[in-house]
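The values are calculated or read from the model by the stated rules, or taken from the named source; none is laboratory data. Predicted model, so just to flag it, every value in this text is computed and none were measured. Here the Cβ positions follow ideal geometry from the backbone for every residue, glycine too, while neighbour counts run over all protein chains shown.
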Amino acid sequence: MPAVAVCRRARLEDVEPLFQMIDGYAQRGIMLPRSREVLRRQIDDFVVTEVDDMVVGCGSLCRLGEELVEIRSLGISEGYKGRGLGSLLVAELVKEARDLGIPKVMALTYEVSFFLKNGFAVVEKDIFPEKVWTDCIHCPKQHACDEIAVLKILN
Ligand SMILES: CC(C)(COP(=O)(O)OP(=O)(O)OC[C@H]1O[C@@H](n2cnc3c(N)ncnc32)[C@H](O)[C@@H]1OP(=O)(O)O)[C@@H](O)C(=O)NCCC(=O)NCCS
């Protein structure tokens with residue numbers, strides 16, 4: 001029987017698999033690290049995707065103002081990519097923004113074509129407010145950021 005993917009809100013018991021996955025990507029410089037403590041504190045901001053009861057992906061929404069949220073810590077485990085799970089997570093996070101009445105969803109990413117396929121457009125980084133950059137103090141590349149800003153305007 002084909003595996004069924006489920007998207008759901010994260011729970012405290014997901015902290016360890018989330019930590020392992022995010023840390024793996026952080027060590028390769030494609031995500032900012034999140035400690036277990038931070039994940040515990042921010043767990044309500046996360047959604048996860050499960051296949052056969054195993055967490056294989058996550059993403060979070062960070063509110064940056066009345067009109068803007070950022071997708072952060074979006075990742076799918078190796079071996080589960082290319083099956084539509086990342087798109088499923090993005091759709092869930094976008095739905096959440098819509099439900100909250102927030103019209104703009106942005107991300108900073110290296111995966112530009114993935115976001116284009118999911119209805120985002122590439123934009124200049126300097127259109128975003130200061131708050132977007134507060135997380136960057138934790139990034140080793142803060143003075144030479146090569147990530148691309150993408151934005152989806154909900155209507
Ligand atoms: C980016 C990421 C979340 C995509 O997840 P995924 O489950 O592999 O993506 P999907 O299967 O939903 O892909 C959806 C579409 O985007 C395409 N796509 C996915 N990753 C792509 C990539 N790296 N480059 C180009 N296209 C890509 C797929 O081919 C698919 O297109 P299709 O619908 O025409 O077949 C995943 O590759 C990942 O975890 N990357 C490492 C972490 C990261 O960079 N996260 C982004 C931080 S903002």
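The table that follows gives values for the structure above.
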{"item": "Residues that are of a type in the set (Asp, Glu) and within 11 Å of residue 7 (Cβ to Cβ), drawn from region 42-59", "result": "50"}
{"item": "Criterion (at negative phi, within 13 Å of the ligand (Cβ to nearest atom) and without any contact (Cβ under 8 Å) to a residue 12 or more places away in the chain) met by exactly one of 28, 41", "result": "28"}
{"item": "Region 97-127, residues that are surrounded by fewer than 19 Cβ atoms within 10 Å (Cβ to Cβ), touching a strand residue (DSSP E or B) at 6+ places or on another chain (Cβ under 6 Å), modelled with pLDDT of 95 or more and part of a helix (DSSP H, G or I)", "result": "112"}
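For (1) within 11 Å of the ligand (Cβ to nearest atom); (2) more than 16 Å from the chain's Cα centre (by Cα); (3) within 18 Å of residue 57 (Cα to Cα); (4) free of Cβ contacts under 8 Å to residues at least 40 places away in the same chain, each residue gets a yes or a no:
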position: 73; (1), (2), (3), (4): yes, no, yes, no
position: 76; (1), (2), (3), (4): yes, no, yes, yes
position: 86; (1), (2), (3), (4): yes, no, yes, yes
position: 96; (1), (2), (3), (4): no, no, yes, no
position: 106; (1), (2), (3), (4): yes, no, no, no
position: 122; (1), (2), (3), (4): no, yes, no, yes
position: 125; (1), (2), (3), (4): no, yes, no, yes
position: 130; (1), (2), (3), (4): no, yes, no, yes
position: 133; (1), (2), (3), (4): no, no, no, yes
